[in-house]
1. Residues in the range 123-158 that are in contact with a Phe, Trp or Tyr (Cβ under 9 Å, 6 or more places away or on another chain) and not basic (Lys, Arg): how many?
2. Return the residue satisfying two criteria in turn: it lies in the range 1-52 and is among the small types (Gly, Ala, Ser) and part of a loop (DSSP other than H, G, I, E, B), and of such residues it is farthest from Pro94 (Cα to Cα).
3. Does any residue of the range 55-71 turn out to be under 30 Å from Ser202 (Cβ atoms), in contact with a Phe, Trp or Tyr (Cβ under 7 Å, 6 or more places away or on another chain), in the same structural domain as Gly134 (by TED's automatic domain parsing) and modelled with pLDDT of 95 or more?
4. Among the numbered conditions (1) closer than 30 Å to Asn369 by Cβ; (2) outside any loop (DSSP other than H, G, I, E, B); (3) under 19 Å from the mean Cα position of the chain (by Cα), tell me where Lys316 comes up short.
5. From Leu191, Leu237, Leu209, grab the single residue that is more than 21 Å from Asp261 (Cα to Cα) and more than 16 Å from the ligand (Cβ to nearest atom).
6. Go through Leu264, Leu218, Leu226, Leu209 for me and flag whichever is within 19 Å of the chain's Cα centre (by Cα), farther than 23 Å from Glu105 by Cβ and crowded, with 20+ Cβ neighbours inside 10 Å.
7. Can you name the helices (runs of 4 or more DSSP H) wholly within the range 53-159 that have at least 2 residues being away from the ligand (no atom under 13 Å from the Cβ) and closer than 22 Å to Leu11 by Cβ?
8. Quick check: anything in the range 184-206 more than 27 Å from Gly38 (Cα to Cα) and part of a helix (DSSP H, G or I)?
Amino acid sequence: MNLEQNFQSFLSEQAYAVVKAVSQIASDLGQPVFLVGGAVRDLLLGRMSHDLDFVTEGSGLALAQTICEALDGSLTTHERFGTAVWTPPAQLFPNTVDVITARKEIYKTPAALPEVTPSNMQDDLFRRDFTINGMAIRLGGPQHGELLDLYHGQRDLEKKLIRVFHQQSFQDDPTRTFRAARYAGRLGFALADGTKQALINSLNEIKLLSADRVRHELEKTMAEPLPMPMLEILEDLGILKAVDANLVWSDTQRIALAHLDGLLSLELGQSAAKEVSKTYLRLTTWLTNLPQSEETALSITNCLNVSADIRRDIEKVLKVLDASKTLEDLRPGTIEKLLRGLSAAQLTLLQANQQLPKEIKTLIPTYFNRWRLIKTSTDGNTLRQLNLPPGPSYQKILDHLLAAKLNGEINSDSEENEQLTHLVQNIMTENKKSAS
Ligand code: CTP
């Protein structure tokens, strides 16, 4: 099967230019080179592909060096694995490109890095996660564009099946459990019977992954255009439970995530998306909608080693949820105090939260657009000029005035001054009483 036609139809113009240039360079060197992995899978599925991974039988580092010299950009190399990551000039191609030596991998212990030895395409394709990702296209020379499918990847693509190469695969690399769910959800594929059983048999090994690796997999899931089917599969296969018993995906989390995605097209959501990424908001929405106490929240943030920013946002959301339980009224002044100081991202997380009462949620955009911007004319300096001794009474007075202004009880500077005089007098009298 020759796939040169698919290059032209399903690679971007820039990606196609890179493939052509790499083919030419490898031909000139007389070095066999192949496009592998996701790009081949997507080309066969007729999906646009933006990721390019090249494998060569020979030195990947030398090939990468030649590519970089010919086309410019920069190179990061990992001698031990025979891998290089080429960053092309942005105008040529916007993504990084992997160029590696064909290799064989041996996993001595589950979830650890494999031992790597240079080898041929047969071994290189066999070391991969799934048959649909284990195909290659030869580049350059008379067989340019020929599909190399040694393990029935194409058959599995047609049957819509995710299949591992061998029963140890998930034990060797438990991140493949997350990857299986991602491809199944993204492509609408099922796990082949033996693969499903192999995955279930290796759930215990998930605990061997570092928190960072697990979080990275979940972030990749949340970065997908449609993460929900994948999360459903992660839950159904018991992968989430294997990470932490409190990490669940049920109706509450599904509704929250759908709600968040809707909010991102509104004004507040758009401000939130300028502060942090969509992936960040989705992940944090999930974590703040788990059935949780502070302890479970802490256990999950630890087992995913989330960033200090996510921890802070979770704490803020939980604090507001807690305070909202005893809120006495929903007047603007009360809501302003409840939400004061929260970022657009934190407010969006609250809006997506399934525990926060609806009546409060609906007031959040008004807080963000109007109430947040209203200030009193009085400030700390005004209070000092009135000879009020600095202390907690300052905040009390300022809060009181702001709430009164927001609630429509103060409608002008002179009304504010009147209230201020009254409040200061009261505090002075109280101070005198307690001093005597
Ligand atoms: N791979 C693997 N095992 C892993 C990670 C990657 O075998 N744990 C192999 C697969 O062959 C995969 C290739 O490395 O196709 C590139 O990995 P990655 O870029 O993560 O995946 P893509 O297939 O490009 O998929 P995606 O479309 O999700 O980017």
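1. Here the count works out to 20.
2. Taking the candidates together, the pick is Gly30.
3. Yes; the residues of the range 55-71 include at least one that is under 30 Å from Ser202 (Cβ atoms), in contact with a Phe, Trp or Tyr (Cβ under 7 Å, 6 or more places away or on another chain), in the same structural domain as Gly134 (by TED's automatic domain parsing) and modelled with pLDDT of 95 or more.
4. (3) is the only condition that Lys316 fails.
5. Answer to the selection: Leu237.
6. Leu218
7. Correct list: 60-71, 153-159.
8. yes
The values are calculated or read from the model by the stated rules, or taken from the named source; none is laboratory data. Nothing here was measured: the structure is a model prediction, and the numbers come from that model. Quick reminder, even Gly has a Cβ in these numbers, built from the backbone with ideal geometry, and neighbours come from all protein chains shown.
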